[in-house]
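Enquirer: Before we start, here is the structure in question, set down as structure tokens.
Every number here is computed from the coordinates shown, using simple stated rules; none is lab data. Worth saying up front: this structure is predicted, and the values here are computed from it rather than measured. Quick reminder, even Gly has a Cβ in these numbers, built from the backbone with ideal geometry, and neighbours come from all protein chains shown.
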Amino acid sequence: MNLLKILDNLSNEELLKTKSSRRGSISQFTNAGKNFALASIPFALAATSGKAKAATASMSAAAFQATPQEVLNFALTLEYLERNFYQIAMDTTGLIPEADRAVFGQILKHEKSHVDFFAAALGDAAIEEPTFDFTGKGLGLDTFENYETFMALSQGFEDTGVRAFKGQAGALANDNDLLTFALQVHSVEARHASQVRRMRGQKGWVTGGTAASNGIPSVFDGIYAGEANTVQGGVELSGLFGNFGGPEAVQEAFDEPLTMAEVNAIASNFIVS
């Protein structure tokens, strides 16, 4: 099924060597991360859609209860997903137009480096790679048969990744090295998201709190839950720009974080085991 039709129906070697030195530090944290995997948490997309205060929830103390090791494994799982997604797409003859292959080929290289990066940092504590289903399991998406579907999912995955890294920054706040490493990846994911969005004719930044306002089907509202927020630092900013954009301009000026549970809810549609 074409993703757009269900709108209403539903590698740097030196860097890696540096990161591998984190193994000793990582080993100090709980071993629980070894068994941590997105697929083990039984969330559904409905758990996140329509949530108006995702930003507040994400920045609460409860959002930072995960250990650094769990956060890195969480990030590794997302990078596994993106690497596999782009690898299959690049290997599928006729899916990506020749003019766009250089872009997605470069993104694939980045995602491969990110996987190696987190795996090296975690060492023996790194989780095993899950099995993915990019048809969205019950959604029956024609992801690798229809370029529009592939592009819409690419945007969704990248936008999710940006918010996911932001939501877990607090869990790494007490380790400057780990926080720095995560933010290095976070900024590149943001560049991916902006590039893909523009290739799809969207703005380079997120507008509003629904999938439809960002050009993808409403079944994926969880990706953008909370992005309609106009309150920052306890101040309502919706009138800040007057007639020059209003609330929409404020929404676009600030990215909101996602909690680990919210990201799990989105990713669970594509993880088999």
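Enquirer: Run the numbers for residue 240 and residue 183: contour at 0.36 nm per residue of separation, minus the present Cα-Cα distance, in nm. Show your work: numbers first, answer last.
Expert: Numbers: separation 57, 0.36 × 57 = 20.52 nm, distance 2.89 nm.
Fully extending the segment from residue 240 to residue 183 adds 17.6 nm.
Enquirer: Classify the stretch 119-186 as rounded, prolate or oblate, taking a ≥ b ≥ c as the square roots of the eigenvalues of its Cα gyration tensor: rounded when a/c is under 1.5, otherwise prolate if a/b is larger than b/c and oblate if not. Each step should come with its number before you reach the end.
Expert: Details: a/c = 3.13, a/b = 1.91, b/c = 1.64.
Since a/c reaches 1.5 and a/b is larger than b/c, the shape of the stretch 119-186 is classed as prolate.
Enquirer: Same structure, new question: With labels modelled as points extended 7 Å from the Cα through the Cβ direction, what inter-label distance (nm, one decimal) is found for residue 200 paired with residue 112?
Expert: My value for the distance between the label points is 2.5 nm.
Enquirer: Find the Rg to Rh ratio for the stretch 146-273, where Rh is the Kirkwood radius over alpha-carbon pairs and Rg uses the same atoms.
Expert: Details: Rg = 15.2 Å, Rh = 15.5 Å.
Here Rg/Rh amounts to 0.98.
Enquirer: How big, in percent, is the set of alpha carbon pairs in the stretch 80-202 lying more than 22 Å apart? Each step should come with its number before you reach the end.
Expert: Numbers: 2822 of 7503 pairs.
When all Cα pairs of the stretch 80-202 are counted, 38 percent exceed 22 Å.
Enquirer: Let me ask something additional. Counting Lys and Arg as +1 and Asp and Glu as -1, what is the net charge of the other residues whose Cβ lies under 11 Å from the Cβ of residue 270?
Expert: -1
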